[in-house]
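> There's a structure below that I have some questions on.
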Amino acid sequence: MQPPPVLEVLTYRLTPSLTAPDYLAIVRQTAPAIACNPGLISRSLTCDDTGTWTEVSRWTSQAQANAAGQAVMTDPDVAPLMAAIDMASLTMRFVPILWQNPD
């Protein structure tokens, strides 16, 4: 039996000097480096009225999500994105997708 796809759910705040438009420009700039990781199905980003960002990525498996996480940490093309996040505020969860609405 194949392992279920997983959602990677990150919540965080930005570094104090960064504005939302500046951050979104960084996201667009670094998106290709993240998208090239095998197993990434989709990625979305939200921000609530308190300034908390939520990033949800859907992966074909936990193993591929883990491998991408390791790769991203050392990828110089993703460094601007990592520098924009207040790492003290970062929370990360992985949850298996147990059901989804059929296409």
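Only the coordinates and a few stated rules stand behind these numbers; no lab work does. Because the structure is predicted, anything quoted here is derived from the model rather than measured. Cβ: placed from backbone, ideal geometry, glycine included. Neighbour counts: every protein chain shown.
> In whole Å, what is the distance between the alpha-carbon centres of the range 1-24 and the range 26-103?
5 Å
> Can you give the angle from 0 to 90° between the axis of helix 62-74 and the longest principal axis of the chain, with both taken from C-alpha atoms, to the nearest 10?
For 62-74 against the chain, the angle is about 30 degrees.
> R0 = 22 Å: FRET efficiency of L45 with Q70, Cβ-based, nearest 0.05?
My answer for the efficiency is 0.55.
> Quick one: 3J(HN,Hα) in Hz for the range 76-88, Karplus 6.51/-1.76/1.60 with θ = phi - 60°, rounded, Gly and Pro as x.
Once rounded to whole Hz, the list reads x, 6, 9, 3, x, 5, 4, 5, 7, 8, 6, 4, 5.
> Sketch the reach of a paramagnetic label on A31 as a point 7 Å from Cα along Cα-to-Cβ, and name the residues of the range 37-80 whose backbone nitrogen lies under 14 Å away.
42-46, 56
> About the Cα centre of the chain, what is the dipole size in debye to 20, counting +1 per Lys and Arg Cβ and -1 per Asp and Glu Cβ, all else neutral?
Value, rounded to 20: 160 debye.
> If contacts are Cα pairs under 8 angstrom and at least 6 residues apart, what is the relative contact order of the range 39-89 in percent?
Computed over the range 39-89, the figure is 28 percent.
> Hey, another quick one. Over the chain, what is the mean sequence separation of C-alpha contacts under 8 Å (at least six apart), divided by residue count, expressed as relative contact order in percent?
In percent, rounded to a whole number, it is 48.
> To the nearest 10 degrees, how steeply does helix 20-35 sit against the main Cα axis of the chain, on a 0 to 90 scale?
It is inclined by approximately 40 degrees.
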